[in-house]
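Since every read-out is calculated from the coordinates, none of them should be taken as a lab result. For clarity, every value in this text was computed on a predicted model and none was experimentally measured. Cβ: placed from backbone, ideal geometry, glycine included. Neighbour counts: every protein chain shown.
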Amino acid sequence: MRELIRDYRKLHPAILNLILAEFFLQLINSSFLAILPLYMRNEGYHDGEIANYTSYRYIGVLVLALSVGLYIKGRKVKPLFYISAFCVPLFGTLILIGVHLHDPWLNYSSQISWGATFTLMQIPVIPFILRNCEPEEHTGAISLSYATFALSSIAGSTLITLLNGKWPEIFSERVLLHGICGLGFLSFFFVARMRITERVPGMAKSRTNISDFDWGLITRALIPTLILAVGAGFTIPFISLFFEAVHGLKTSQFTLTNLIASILIATCAIYVPLIKKKLGYRIAIPTTQSFAILALVLMATTQLYAGDPSAVWIAIVCYTLRQPLMNMAGPMTTDVVMGYVGKRNQEMVSALTASIWSGAWYFSGKLFGNLRDMNIKYVYIFMITAALYSVGVVWYYFLVKQYEKKNGL
């Protein structure tokens with residue numbers, strides 16, 4: 001533990017302030033993922049409508065991602081952090097107003113705008129870390145960046161569990177989400193504290209020419225990301241609906257479950273650099289992902305015997321294990337992909353990764369809504385995720401082998 005703390009303390013203060021800024025935006029993101037569907041259901045929306053509206057959040061990312069990737073090549077990215085830090089909480093608030101008013105135009109436009117402005121933090125953050133950290137600090141800084149989602153989930157789930165569980169009439173999902181959007185504006189404060197002379201490589205080179213990138217290399221590196229992203233889109237945004245509809249968990253009960261899972265995610269994320277040193281990518285990545293798939297399958301199949309008192313406990317245990325196991329691989333796969341494509345392609349890969357996840361989640365969200373409108377059970381939808389994950393894990397294994405061969409590891 002001392003070794004890990006020592007490694008993280010070496011990071012530049014600007015990187016740590018960036019992590020804190022990212023944390024407050026992720027607080028909105030994680031809380032919306034956890035209970036926005038439940039809030040919408042309480043407002044009278046059915047599963048198909050919920051999936052339809054929330055899927056538009058990813059359209060904004062999809063539309064903007066490629067342009068952001070081209071723009072940040074050879075340019076400073078800190079100004080984008082300012083825009084994101086102000087606009088994400090603003091559009092998050094407008095989403096909540098649109099849901100309450102049942103205003104379709106406001107629902108669609110605010111979801112798209114939220115996704116677009118979140119992209120301005122999501123895409124540049126990894127290139128900023130790679131530019132401004134020493135190579136030996138990359139995995140640690142990336143791991144800490146990944147941990148912001150888990151840490152924000154812990155904070156958000158704790159607030160929601162305590163306040164909604166104790167005073168549900170006062171602290172409804174609507175009130176809590178508005179309050180969390182307000183906290184999100186603290187992100188702007190921490191961006192302002194990022195005092196650093198930003199390193200900007202490649203200023204002399206053409207910055208917007210598509211032919212400057214190695215598209216064959218990029219395509220091979222991002223195929224497993226695409227496969228996993230499509231699979232995840234069938235499950236992650238709708239977990240709360242599964243637990244409420246199948247096992248009858250209330251908002252405070254689900255967020256307590258999410259809190260436990262988030263604590264495990266954050267703990268495991270902090271130890272990722274150590275795990276990488278001990279096991280290496282070739283063992284650590286497929287092992288953690290494979291156990292995560294098993295946990296997902298066991299969780300999903302609890303719907304088949306939901307009447308049994310043990311079903312809900314098995315689902316909770318499997319969910320709390322699945323989350324850290326799958327998330328542990330994230331920083332390692334990012335490190336592998338970025339190393340595999342090389343410095344020349346890293347900004348574009350960061351942009352395309354965000355675009356892939358958003359496009360896949362939009363597609364999967366739409367399909368999820370259609371399947372639920374056809375009364376297809378959650379278990380069968382989640383099995384699609386498990387099948388796609390399995391293909392992605394195998395692809396990552398071979399990608400790691402190519403990465404190690406390329407770098408003489």
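Tabulated data
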{"item": "Surface/4 of the Cα convex hull for region 1-112, nm²", "result": "9.3 nm²"}
{"item": "Where labels lie 7 Å past Cα in the beta-carbon direction, separation of residue 172 and residue 102 in nm", "result": "1.4 nm"}
{"item": "Global form of region 329-409, assessed from the alpha-carbon gyration tensor, a/c cut-off 1.5", "result": "oblate"}
{"item": "Orientation-averaged projected area, Cα convex hull of region 190-344 (nm²)", "result": "13.0 nm²"}
{"item": "Relative packing of 247-256, 359-368, which averages over residues the other C-beta atoms within 10 Å, highest first", "result": "359-368, 247-256"}
{"item": "Peptides ranked, highest mean first, by Cβ atoms within 10 Å: ranges 218-224, 234-240, 103-109", "result": "234-240, 218-224, 103-109"}
{"item": "Globularity ratio of region 218-283, using Cα Rg and 2.2 N^0.38 Å", "result": "1.51"}
{"item": "Rounded FRET efficiency, nearest 0.05, which uses the C-beta distance separating residue 10 from residue 407 and R0 of 25 Å", "result": "0.60"}
{"item": "Charge dipole (debye, nearest 20) of region 42-126; +1 at Cβ of Lys and Arg, -1 at Cβ of Asp and Glu", "result": "720 debye"}
{"item": "Cα→Cβ-extended label distance, 7 Å offset, between residue 314 and residue 189, nm", "result": "4.7 nm"}
{"item": "Qualifying lysines (Cα of each under 22 Å from Cα of residue 401; at least 8 residues distant if same chain)", "result": "276, 277, 278, 343"}
{"item": "Aspartates and glutamates with Cα under 18 Å of residue 73, excluding same-chain neighbours fewer than 8 positions away", "result": "198, 212, 214, 347"}
{"item": "Peptides ranked, highest mean first, by Cβ atoms within 10 Å: ranges 278-289, 10-21", "result": "10-21, 278-289"}
{"item": "Added length on full extension, which subtracts the Cα-Cα distance from 0.36 nm per residue, residue 198 to residue 394", "result": "66.8 nm"}
{"item": "Calculated diffusion of region 275-409, Stokes-Einstein form, Kirkwood radius summed over Cα pairs, 37 °C and 0.692 mPa s, µm²/s", "result": "196 µm²/s"}
{"item": "Residue with peak Gaussian network fluctuation, the chain [Cα springs, cutoff 10 Å], from 356, 97, 170", "result": "170"}
